[in-house]
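Asker: Got a structure for you, questions after.
The values are calculated or read from the model by the stated rules, or taken from the named source; none is laboratory data. Every value quoted in this text rests on a predicted model; they were computed, and no experiment measured them. When we count neighbours, we look across all protein chains shown, and the Cβ atoms used for this are built from the backbone with ideal geometry, even at glycine.
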């Protein structure tokens, strides 16, 4: 077991930001990343998602995102950017490392992983959500003879050419999938609630209000929900054209899945070759289960980034910081609070 001051779990935007600030302060730490290369969740985005179509990539601290051809895949651009950042700053990244569990070891938190075990004075968890896609369950799901996949598995529209695809979900990813797939295949869009399209610009005030709602939920120990869900769907020229052509005509949620498609209680059915679940993600925090952090509301109660039940643990990229700019702020805040915790511990030891 290796003794260390801080273990950072996850080398996405939040983890790299935390590592940057820890390094600047001279804090001994290691950054454990599950990926086979740099890029965090961006590494696994579908190739047809171009940089010019991505909203809200924020620069990492100390290194501006370079001007790049917007037609390039976002996964390539961001992975290259993160990789250069790690190398130029010589951040202590180890990969691929799967963290199995974080446990209370008494004076330290014990981080068990595929690369060994660390006993840390503090842990910053930055694992995000991409590794934990949410799959709803519907009657007859096991009967479907076509293909079922999630946004996390989506690689582009060509694999559906000539087929009919039911896209489930009311978020931006679902709309992006529909715009692409409808060029080569038939599509049906299904959502639980009517989608909200907006022509209004998303203002800083809107952003603060959305983040404040998620912060309220995590302070109360509730599952965080999504900041993006409060923003509405932007009426871009491509979206307006798709609405006018009928591609974005939405149907209410089906009641069951059949061998050949989906069906509603009124007797209507839709044949499908594939069902694409664009139903979002949940925080990837199963490795934190031994710490028993979840409260009665089902979420982890936070004070800022600090877990209330375990003050040596900080969660970044969770809840209100689950965006690139939010991840930067949370990573900086967590590093600052961890340094204060370590200094306080050193002073107690000297006494």
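Asker: Looking at the stretch 275-305, which of the residues that are more than 19 Å from the chain's Cα centre (by Cα) and surrounded by 19 or more Cβ atoms within 10 Å (Cβ to Cβ) is nearest to residue 160 (Cα to Cα)?
Answerer: So the residue we want is 275.
Asker: Of all residues in the stretch 265-304, how many are in contact (Cβ under 8 Å) with a residue 60 or more places away in the chain, assigned to a loop (DSSP other than H, G, I, E, B) and under 30 Å from residue 157 (Cα atoms)?
Answerer: The total comes to 8.
Asker: Identify, from the list 96, 73, the residue that is in the same structural domain as residue 333 (by TED's automatic domain parsing) and closer than 30 Å to residue 191 by Cα. Before the answer, list the steps.
Answerer: Values: 96 fails: closer than 30 Å to residue 191 by Cα.
Of the residues listed, the single one that is in the same structural domain as residue 333 (by TED's automatic domain parsing) and closer than 30 Å to residue 191 by Cα is 73.
Asker: Need at least 3 residues that are modelled with pLDDT under 95 and under 30 Å from residue 289 (Cα atoms) per element, so show me which strands (runs of 3 or more DSSP E) inside the stretch 1-105 make the cut, counting only ones lying wholly within it.
Answerer: Details: elements: 2-9, 29-32, 99-104.
So the answer is none; nothing clears 3.
Asker: Give 178, 149 a once-over and let me know the one that is in a helix (DSSP H, G or I) and either buried (at least 22 other Cβ atoms within 10 Å of the Cβ) or at pLDDT 95 or above (or both).
Answerer: Details: 149 fails: in a helix (DSSP H, G or I).
Just one listed residue meets the conditions, 178.
Asker: Another question, if that's okay. Which is in contact with a helix residue (DSSP H, G or I) (Cβ under 6 Å, 6 or more places away or on another chain), modelled with pLDDT under 95 and surrounded by fewer than 20 Cβ atoms within 10 Å (Cβ to Cβ), of 220, 131, 215? Can you show your working first?
Answerer: Working: 220 fails: in contact with a helix residue (DSSP H, G or I) (Cβ under 6 Å, 6 or more places away or on another chain); 131 fails: in contact with a helix residue (DSSP H, G or I) (Cβ under 6 Å, 6 or more places away or on another chain).
When all the criteria are applied, what remains is 215.
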